[in-house]
């Protein structure tokens, strides 16, 4: 499936170079990305919990003119190269601040839905490789994802808040950081 992602990226580049319609391969790339069984996310250094070895997806404003963006990788090699280049590791250098999220129930679907609610506007896909910027709204639309519904597991405390008509604080579910020796 990784090959299909790279093929769509090439088709976007070719269409852009030849002044052709790049929207078809762009939407196809977004659909192909959502078909992956696992995606890798850059994790926040500020949110890292050493006791649990978890963090939340990094939201960065360094690209896209300051627009909040998620750093998403379609394969572990590109994620690892990015992590090594930027030295995006834990202070003790035991873990890369990269996390794998499986598509299964409450997997990356909720990451994208929560990101939308937290104000993320872009997905920076595969930076460090043949990267491409994807608009989060277009990604959700291309995959038929309703940004107003969020499928996340709730703790007992959060369920109690909802039952008492109070909103729980919306946040990402923590993701395990990958040990560097595994990368």
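Worth a mention:
- Subtracting the Cα-Cα distance of residue 157 and residue 52 from 0.36 nm times their residue separation leaves 35.8 nm of extension gain.
- For the chain, relative contact order (Cα pairs under 8 Å, six or more residues apart, normalised by length) works out to 25 percent.
- Largest GNM mean-square fluctuation across 115, 142, 42, computed for the chain with C-alpha springs under 10 Å, falls on 142.
- Degrees, to the nearest 10: 108-117 long Cα axis against longest axis of the chain: 80
- Listed options for Rg and Dmax of the Cα atoms in Å are (i) 16.0, 54; (ii) 16.9, 58; (iii) 22.0, 76. The value calculated from this structure is the one marked (ii).
- Taking the number of Cβ atoms within 10 Å of each Cβ as an exposure proxy, the fewest-first ranking of 14, 149 is 149, 14.
- Candidates 35, 109, 70: whichever shows maximal mean-square fluctuation once the chain is modelled as a Gaussian network with Cα springs under 10 Å: 35
- Between 0 and 90 degrees, the angle of helix 76-86 with respect to the longest Cα principal axis of the chain falls at about 80 degrees.
- The stretch 115-133 and the stretch 76-107 have Cα centres lying 15 Å from one another.
- Per-residue ellipticity at 222 nm computed for the chain from its helices equals -10500 deg cm²/dmol, with DSSP H segments shorter than 4 residues left out and the rest contributing -39,500 (n - 2.57).
- Protection proxy ranking of 123-134, 20-31 - average other beta-carbon atoms within 10 Å, highest first: 123-134, 20-31
Values quoted throughout were computed directly from the atomic coordinates according to the rules given, and no laboratory measurement underlies them. Because the structure is predicted, anything quoted here is derived from the model rather than measured. Counting neighbours? That spans all protein chains shown, and the Cβs are built from the backbone with ideal geometry, glycine included.
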